[in-house]
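Below is one structure, written out as structure tokens, with a few remarks after it.
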Amino acid sequence: MRLHVRPILSAMLRNWTGPVLVAAQISITLAVLINAVYIVKQRVDRIGRPTGIDVENIFVIRSVGVNDKYAHEAAMRADLAYLRGVTGVVAAAPISSPPLTGRGDRIGVMLKFDDHAHGIVTHYYEVDDQALAALGVRLAAGRFFQANEVLPPRRTSGDVIGAPVAVITQALANDLYPDGHALGKPIYDSFGFLTAPATIVGIIEHMHGSRVSWDKFDRILMAPRLPFPDEPAVNYLVRTRPGQRDVVLRAVDEHMQNSNPDRMIEWTRTLEYLKNLSYVADRNMAIFLVAITLMLIAITCIGIYGLATFNVSRRARQIGTRRALGAQREDIVRYFLVENWLITTVGVIIGCALALVSGYWLSTHYGLPRLDLYYLVGGIPMLWIVGQLAAWLPARRAAAVSPAVATRSV
Amino acid sequence: MLRYYLRLALKSFARDPGATALMLFAIALGIGVCVMTLTVYHAMSSNPIWWKNDRLYAITLDSWPAERPANIDLPHLPPTQLTYTDANYFFNSGIPERKVLMYQATGVVLSGRASKPLKINTRITTADFFPMFDVPFQYGNGWSARADTGPEALIVLSHDLNERLFGGLNSVGRTIRWSNHDFRIVGVLEPWMPQPKFYDLTVGSFNEPEAAYLPWGWSKALQLLSSGSIHCWKVEPANTVDELMSSECAWIQMWVELPDADARTRMQALMDTYWNEQRKRGRFQRPRNNRLSNVNEWLEDHQVVQNDNRLLVGLAFAFLSVCLLNTIGLLLAKFLNGAPVAGVRRALGASRLHIFLQHLIQAGVLALAGALLGLGLSAVFLWGVRILYGSDPQTGRGGYQALAHFDSIGIAWAIALAVVAVIITGLYPAWRIGRVSPARHLKSQ
């Protein structure tokens with residue numbers, strides 16, 4: 001089987017505008033496709049980062065005191081007693097700011113007293129002894145807090161009783177003690193929330209903190225203390241048995257709306273929902289990129305189809321002549337497909353260069369990681385296939401041209 | 001002549017509706033996507049108080065310890081907010097024509113028709129806030145500087161809150177309960193939605209303005225902690241407003257209105273003198289970085305426009321260029337298919353220019369129709385964008401509480417892009433068909 005590239009090329013060179021336009025479209029499409037897929041991959045990876053938390057079975061309630069009769073600590077204890085008694089609830093705990101929600105306190109942690117220059121910035125949570133179970137996170141070493149270790153909320157007078165123990169994540173432990181022996185070691189904090197020093201009693205395997213856009217999202221320190229009443233408000237984490245989250249949420253919300261007239265339930269949301277809101281920008285960027293890239297491929301297909309159709313109708317007599325001289329239908333189809341393949345290949349070669357240049361530019365200007373080359377390898381066959389599919393229909397139509405056309409004048 | 005060409009154009013489109021629809025679709029899609037991304041970009045990058053760009057300045061200075069910058073991502077900038085000590089000093093300087101200290105706090109409102117308590121964001125601010133930022137009032141007005149120091153129990157409501165509590169009626173003079181204290185309403189704002197929310201970028205650059213405003217003195221009187229960012233670096237007590245006020249924590253936003261270059265120079269000089277004096281006392285260990293930033297600089301410095309949005313604008317133009325290349329190809333094919341007709345017209349005496357103009361008009365009609373369709377498409381896309389970026393007002397999390405709506409800028413862009421589309425898509429095919437030699441096509445007839 002011969003592909004007859006030479007006559008196809010010489011025909012194209014005599015009428016180069018259409019092929020050049022299509023090749024240009026293909027090159028831009030390939031460059032966009034490769035970079036878009038690469039960026040989308042990063043966003044999807046970011047959204048799918050392991051959290052270490054039992055996200056699907058947790059909801060969060062935020063309660064705010066509304067008048068001067070509101071007693072923060074008593075209200076909190078009453079709420080927790082109620083929540084822990086609800087059937088379907090695995091565990092409930094107060095937390096100073098819920099994880100995965102974008103905002104949360106950070107403090108500096110140090111190995112020496114007042115050594116701010118070497119402070120390691122970390123998420124800071126005030127929780128009680130049930131937080132481990134309420135989050136569904138796992139300990140890698142040591143223990144979690146005991147009920148009798150939990151301190152009352154920080155008082156507003158300023159003299160804070162320091163917490164003598166702390167639980168940290170493995171990520172923070174690695175940053176503090178790269179040799180791997182953090183358990184039982186002393187640490188200091190930048191605000192005096194801990195005693196100087198406090199002891200690391202437990203290490204959490206992995207947990208995603210509050211700030212999703214911070215690259216140190218898994219650096220966490222927990223102190224055994226009922227949360228500070230800012231506003232005055234408190235967040236409760238409630239973890240339910242699998243599948244019972246929504247039922248329990250409705251029942252709990254309804255009860256708590258009216259259980260204490262001195263406070264209001266500001267909102268009750270599933271952690272899954274709150275997490276999705278935190279990643280809304282990443283998700284939307286992925287949606288935009290996928291949508292625009294798909295439209296781009298569709299438009300390019302239209303371009304290829306249009307050019308091939310035009311060529312078929314213009315060359316009807318020539319095709320008829322070839323058929324009359326003995327060319328098979330397959331030969332005609334092959335002619336158009338090879339022609340299309342040549343155009344696509346030129347576009348793909350230019351497109352690869354364009355993709356690399358734009359990928360490099362994006363990495364220098366927008367701090368994106370450099371484009372992986374195997375994305376090129378994936379993009380090229382895709383456009384070849386798309387090109388062949390778009391040219392298929394016109395090529396079939398060309399093959400259907402009757403040899404009699406050659407003998408007739410137009 | 002023009003009308004004749006227009007009629008020819010419509011006839012020619014009617015001859016092959018399939019190809020025409022494809023071209024129309026390509027142009028419309030390209031323009032629609034471009035107008036959408038440009039509208040979002042424009043909404044993000046615009047200066048909502050441009051008419052005062054040479055008068056309003058945010059004051060910042062670097063009070064952080066020598067070892068590290070306040071913001072690791074933007075190490076060249078001082079902290080976004082001021083310590084109370086510094087803010088108070090500049091507030092009492094007497095140089096600015098107007099000046100505000102402020103931060104956001106939350107309060108619980110019990111009043112009017114709302115049967116349930118309502119938690120609202122409240123701005124604790126000084127009297128000049130309203131005249132300085134040209135905030136429009138529907139009823140009543142702001143408060144005086146005396147009310148700040150009193151503090152007098154006055155409150156200003158947003159349009160929206162007044163709508164919810166009093167059904168939009170004139171509520172000036174009535175009393176509402178804000179976090180267990182009675183406040184008399186002195187003013188109700190008209191709908192006011194500066195985007196981005198330039199005067200406080202710490203709680204979300206595209207959040208809605210607060211629902212109520214309280215005189216500054218209530219900060220201390222009620223010990224109202226900020227619900228925005230309180231940024232600290234030193235080990236010191238910072239649990240109450242009193243403690244915050246004597247701490248090195250940065251938690252106050254400060255803006256000044258300086259009428260001319262002279263006032264600006266004097267303000268800068270005052271900041272520099274103050275900085276030197278405080279440095280001698282052991283504060284300000286980092287290099288001097290005393291900034292008076294106008295609104296444009298402020299928004300630029302704090303990267304209100306996200307890289308993602310710039311990327312999408314670039315992508316939209318790549319998309320548009322493919323759409324236009326596509327249309328050129330299809331149009332060229334269409335025109336050349338009609339070459340025999342053009343040849344006959346040439347033979348009958350039409351000049352090259354006439355053939356060229358006739359086809360250019362044909363391309364123009366197409367591009368214009370495409371632009372109109374694209375404008376409609378972009379409105380649909382923007383509607384989708386608003387849904388995608390919708391935030392949860394109750395938890396205050398998610399996308400943008402308010403992102404500028406489709407505005408005249410979008411229409412202007414669509415028209416500009418349509419003109420570009422005509423020039424790019426129409427010129428070459430029209431020129432090619434204009435050069436067709438009549439003889440070749442007459443021969444084969």
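Bear in mind these aren't lab numbers, they're just calculated from the coordinates by the rules spelled out. Note that this is a predicted model, so its numbers are computed, not measured. Neighbour counts run over all protein chains shown; Cβ positions are idealised from the backbone, glycine included.
Peptide A:293-306 shows a mean partner chain C-beta count of 5 within 10 Å per residue C-beta.
Once you sort the root eigenvalues of the Cα gyration tensor of the stretch B:50-301 as a ≥ b ≥ c, which label holds: rounded (a/c under 1.5), prolate (a/b larger than b/c) or oblate (the other case)?
Working: a/c = 1.97, a/b = 1.60, b/c = 1.23.
Verdict is prolate for the stretch B:50-301.
Could you grab the relative contact order for the stretch A:71-259? Cα pairs under 8 Å, six or more apart, rounded to a whole percent. Computed value for the stretch A:71-259: 33 percent relative contact order.
Remark on A:Ala163: its backbone amide H falls under 5 Å from those of A:Leu194, A:Thr195, a criterion applied only to residues 5 or more positions apart or on other chains, H modelled at 1.01 Å from N. By the compact-protein rule of thumb, 2.2 N^0.38 Å, the alpha-carbon radius of gyration of the stretch A:252-410 corresponds to a ratio of 1.83.
Residues whose amide H comes within less than 5 Å of that of A:Asp105, counting only those at least five positions distant or on another chain, are A:Tyr124 (H built at 1.01 Å from N in the peptide plane).
Report the antiparallel proportion of the DSSP beta bridges in chain A as a percent, rounded to a multiple of 5. Of all bridge pairs located within chain A, approximately 75 percent are antiparallel.
Converting phi to 3J(HN,Hα) with the Karplus coefficients 6.51, -1.76 and 1.60 and the offset θ = phi - 60°, the stretch B:370-380 yields x, 5, 4, 5, x, 4, x, 4, 5, 4, 5 Hz in sequence order, with x at every glycine or proline.
Antiparallel versus total DSSP beta bridges in the protein assembly as shown: what percent is that, nearest 5? Each step should come with its number before you reach the end.
Working: 68 of 89 bridges.
For the protein assembly as shown, the DSSP antiparallel bridge percentage is about 75.
What do the square roots of 5 times the Cα gyration tensor eigenvalues come to for the stretch A:183-271, in whole Å, largest first, as semi-axes of the equivalent ellipsoid?
Working: eigenvalues 196, 69, 34 Å².
Working through the eigenvalues yields semi-axes of 31, 19, 13 Å.
3J(HN,Hα) along the stretch A:128-139, derived from phi through the Karplus expression 6.51 cos²θ - 1.76 cosθ + 1.60 where θ = phi - 60°, amounts to 10, 5, 8, 4, 4, 6, 5, 8, x, 8, 10, 7 Hz, with x in place of Gly and Pro.
Rounding to the nearest 20 debye, state how big the charge dipole of the stretch A:297-384 is about its Cα centre with +1 on each Lys and Arg Cβ and -1 on each Asp and Glu Cβ. Provide the component values of the computation, followed by the final result.
Details: 8 positive and 4 negative charges, 96 e Å.
The dipole magnitude comes to about 460 debye.
A simple charge model with +1 on the Cβ of Lys and Arg, -1 on the Cβ of Asp and Glu and nothing else charged puts the dipole of chain A at about 3020 debye relative to its Cα centre. Take the Cα radius of gyration of the protein assembly as shown and divide it by 2.2 N^0.38 Å, N being the number of residues; the result is 1.18.
With both bridge residues required to lie in chain B, what share of the DSSP beta bridges run antiparallel, to the nearest 5%? Mind dumping the intermediate values first?
Details: 34 of 43 bridges.
Once the DSSP bridges in chain B are tallied, antiparallel ones form about 80 percent.
A DSSP coil position with no more than 13 other Cβ atoms inside 10 Å describes the following chymotrypsin sites (Phe, Trp or Tyr not before Pro) in the stretch A:10-116: A:Trp16, A:Phe113. Per residue of B:31-39, other chain Cβ atoms within 10 Å of the residue Cβ number 1 on average.
For chain B, the square roots of the Cα gyration tensor eigenvalues, ordered a ≥ b ≥ c, give a/c of at least 1.5 with a/b greater than b/c, which places it in the prolate category.
Set the bar at 29 Å for Cα to Cα. Now go through A:Lys185/A:Lys275; A:Lys69/B:Lys234; B:Lys116/B:Lys234; B:Lys119/B:Lys234; B:Lys99/B:Lys220; A:Lys69/B:Lys220 and name every pair that lies beyond it. Write out the running numbers ahead of the final one.
Working: A:Lys185/A:Lys275 33 Å; A:Lys69/B:Lys234 34 Å; B:Lys116/B:Lys234 40 Å; B:Lys119/B:Lys234 32 Å; B:Lys99/B:Lys220 19 Å; A:Lys69/B:Lys220 21 Å.
Too far apart for the 29 Å limit: A:Lys185/A:Lys275; A:Lys69/B:Lys234; B:Lys116/B:Lys234; B:Lys119/B:Lys234.
Find out how many positive minus negative residues lie around A:Pro242, taking Lys and Arg as positive, Asp and Glu as negative, among other residues whose Cβ is under 15 Å from that of A:Pro242. Provide the component values of the computation, followed by the final result.
On the way: positive: A:Arg239, A:Arg241, A:Arg245; negative: A:Asp54, A:Glu56, A:Asp246, A:Glu272.
Surrounding charge for A:Pro242 is -1.
Take each peptide in B:80-87, B:68-75, A:194-201, count the other Cβ atoms within 10 Å of every residue, and average; sorted highest first, the result is B:80-87, A:194-201, B:68-75.
Just how large is the dipole of the stretch B:301-445 about the Cα centre, in debye to the nearest 20, putting +1 at every Lys and Arg Cβ and -1 at every Asp and Glu Cβ? Dipole about the Cα centre, nearest 20: 1100 debye. Against the main long axis of the alpha-carbon atoms of chain A, helix A:374-399 sits at an angle near 40°.
For a quick check: sort B:Lys99, B:Lys197, A:Lys112, B:Lys234 by the number of other beta carbons within 10 angstrom, fewest at the front.
On the way: B:Lys99 25, B:Lys197 21, A:Lys112 12, B:Lys234 15.
Final ranking by Cβ density, sparse to dense: A:Lys112, B:Lys234, B:Lys197, B:Lys99.
By the rule of a second cysteine Cβ within less than 4.7 angstrom, chain B holds isolated cysteines at B:Cys34, B:Cys323. Between B:Gly18, B:Gly410, B:Gly187, the Gaussian network model of chain B with springs among Cα atoms under 10 angstrom shows the greatest mean-square fluctuation at B:Gly18. Per-residue ellipticity at 222 nm from helix content only, as computed over chain A with -39500 (n - 2.57) for each DSSP H run of at least four residues, stands at -16500 deg cm²/dmol.
Using the Cβ of B:Asp260 as centre and a radius below 14 Å, the other residues enclosed give a net charge of +1, where K and R count +1 and D and E count -1.
Please sort A:250-263, A:129-142 by packing, taking for each peptide the average over its residues of neighbouring beta carbons within 10 angstrom, highest first. The partial results should precede the final answer.
Numbers: A:250-263: 15.3, A:129-142: 18.9.
Final packing ranking: A:129-142, A:250-263.
Could you tell me which of rounded, prolate or oblate describes chain A, using a ≥ b ≥ c as the square roots of the eigenvalues of the alpha-carbon gyration tensor, with rounded for a/c under 1.5 and, failing that, prolate when a/b is larger than b/c and oblate otherwise? Please list the in-between numbers first.
Working: a/c = 4.25, a/b = 2.73, b/c = 1.56.
Here chain A falls in the prolate category.
The stretch A:252-294 to the stretch A:341-410: how many Å between their Cα centroids? So the two Cα centres are separated by 42 Å. For chain A, a Gaussian network of Cα nodes joined below 10 Å ranks A:Thr309, A:Thr122, A:Thr240 by mean-square fluctuation, and the top entry is A:Thr309.
Here the Gaussian network model covers chain A, with springs between Cα atoms less than 10 Å apart; of A:Ile332, A:Ile47, A:Ile58, A:Ile332 fluctuates the most. Residue-wise HN-Hα couplings along the stretch B:229-238, as the Karplus relation 6.51 cos²θ - 1.76 cosθ + 1.60 with θ = phi - 60° gives them from phi, are 9, 10, 10, 10, 10, 9, 6, 6, x, 8 Hz; Gly and Pro carry x. Count charges around A:Ala286 for me, please; just the other residues with Cβ under 13 Å from its Cβ, Lys/Arg as +1, Asp/Glu as -1. Computed value for this residue: +1. Inter-chain Cβ neighbour count for B:306-316, averaged per residue, equals 5 (cutoff 10 Å, partner chain atoms only). Under 5 Å between amide hydrogens, built in the peptide plane, is the criterion, and for A:Ala140 it picks out A:Ile203, A:Ile204, A:Glu205 among residues at least 5 positions away or on other chains. Distance between Cα centroids, the stretch B:270-336 to the stretch B:113-188: provide it in whole Å. What the calculation gives is 35 Å, centre to centre. Among A:295-308, A:203-216, sorting by the average number of other beta carbon atoms lying within 10 angstrom of each residue, highest first, gives A:295-308, A:203-216.
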